[in-house]
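Asker: After the structure tokens below, expect a handful of questions from me.
The values are calculated or read from the model by the stated rules, or taken from the named source; none is laboratory data. Keep in mind the model is a prediction, meaning the values are calculated, not measured. All Cβ positions, even for glycine, are placed from backbone atoms using ideal geometry, and neighbour counts span all protein chains on display. Surface areas here come from the heavy atoms of the whole protein model, side chains and all, with no ligands, DNA or RNA. Shrake-Rupley method; radii C 1.70, N 1.55, O 1.52, S 1.80 Å.
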Amino acid sequence: MTPLEAALVVFVLATAVATALFRDVLSAIIVFAAYSLGMAILYTVLFAPDVAMTEAAISAGVTTILLLLTIAKTVRPPTDELFESVNVPALIAVGAFALVMGAAVLPAIPAVGDPSAIAWANPDVSQYYLQNTYAETGVQNTVAAVLAAYRGFDTFGEAVVVFGAAVAVLLVLHREVFA
């Protein structure tokens, strides 16, 4: 792991913990947006630009805007404390679980560009897409071609779900009934 990747992982973990601990909703939303932006940068560093763009657009962009609109249209109760109180036994249990899972999973993750990675386990399939994508789809970027052409119905379905969620949120935000 490079120093940049390590710094991004530390940043993402710190913002995730801060998001969970802030009592002030606005502060939590802002830190959550920073978390999403950190994840998008981390995905970019790990050579997953399609996931990075989705993370930046949906999590850092749309979700942050919807959350900010929600608190703008609702009443924010005053808070005396900045952070939530921490349940120490639960924190220890979750921390131990995360360490065990990390110790079990992280060694199995191949390095970026490792020729023995699972993506290269069946070189016939990988090479087929790399060699034939442009001829079959007319798209120069193999990842974009797989998402848009080979998995077009799946990608369309995901877009429909995101659009449906956005419409539902807009409908809910226009129903301003508060007790």
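Asker: With everything on Cα atoms, drop me the angle between helix 152-174 and the longest principal axis of the chain, reported from 0 to 90° to the nearest 10.
Answerer: Between the helix axis and the principal axis of the chain, the angle is about 10 degrees.
Asker: At 7 Å along the Cα-to-beta-carbon direction for both residue 71 and residue 45, put a label point, then send me their distance in nm to one decimal.
Answerer: So the label points at residue 71 and residue 45 sit 2.7 nm apart.
Asker: If you roll a 1.4 angstrom probe over the protein chains with everything in place, what fraction of the accessible area of region 36-179 belongs to carbon and sulfur, to the nearest %?
Answerer: 72
Asker: Residue farthest toward the positive end of the dipole of the chain, with Cβ of Lys/Arg at +1 and Asp/Glu at -1: which of 106, 13, 133?
Answerer: Projecting each Cα onto the dipole axis, the largest value belongs to 13.
Asker: What GluC sites (Glu not before Pro) does region 40-137 have in DSSP loop regions with at most 11 other beta carbons within 10 Å?
Answerer: Hits after loop and neighbour filter: 81.
Asker: For region 4-57, what does the relative contact order come out to in percent, with C-alpha contacts under 8 Å and a separation of six or more?
Answerer: Relative CO of region 4-57 lands at 32 percent.
Asker: Could you run the Karplus curve 6.51 cos²θ - 1.76 cosθ + 1.60 with θ = phi - 60° over region 86-96 and give me ³J(HN,Hα) per residue in whole Hz, x for Gly and Pro?
Answerer: 9, 7, 4, x, 5, 4, 5, 5, 5, x, 5
Asker: Using 0.36 nm per residue, how much length does the chain from residue 114 to residue 20 gain when fully extended, once their Cα-Cα distance is taken away?
Answerer: 30.3 nm
Asker: Given the -39500 (n - 2.57) contribution per DSSP H run of 4+ residues, what per-residue ellipticity at 222 nm results for the chain, rounded to the nearest 500 deg cm²/dmol?
Answerer: Value at 222 nm, helices only: -21000 deg cm²/dmol.
Asker: Mind listing which chymotrypsin sites (Phe, Trp or Tyr not before Pro) in region 43-138 are in a DSSP loop and have 15 or fewer other Cβ atoms within 10 Å?
Answerer: Taking region 43-138 and a limit of 15 other Cβ atoms within 10 Å, the loop chymotrypsin sites (Phe, Trp or Tyr not before Pro) found are 47.
Asker: Mind checking the dipole of the chain: about its Cα centre, +1 per Lys or Arg Cβ, -1 per Asp or Glu Cβ, Debye to the nearest 20?
Answerer: About 340 debye.
Asker: Using a 1.4 angstrom probe with every protein chain in place, what is the largest-first accessible-area order of 106, 26?
Answerer: Order by accessible area, largest first: 106, 26.
Asker: Let me ask something else about it. Say the dipole of the chain comes from +1 at the beta carbon of Lys and Arg and -1 at that of Asp and Glu; which of 145, 92, 163 then lies farthest toward its positive end?
Answerer: 163
Asker: A further question follows. Could you state the accessible area per residue of the chain in Å², with a 1.4 Å probe and every protein chain left in place?
Answerer: Result: 71 Å² per residue.
Asker: Then there's this: Compute log10 of I(q)/I(0) for the chain with the Debye formula, placing one identical point scatterer on every Cα and leaving out solvent, at q = 0.08, 0.14, 0.15, 0.20 Å⁻¹, to two decimals.
Answerer: Calculated log10 I(q)/I(0) at the listed q: -0.40, -1.07, -1.16, -1.40.
Asker: Using a 1.4 Å probe, how large is the accessible area of residue 27, given in Å² and rounded to the nearest 10?
Answerer: Roughly 30 Å² of residue 27 is accessible to a 1.4 Å probe.
Asker: Mind checking the full-extension length gain between residue 62 and residue 87? Use 0.36 nm per residue of separation minus the Cα-Cα distance, one decimal, nm.
Answerer: Computed gain between residue 62 and residue 87 is 5.8 nm.
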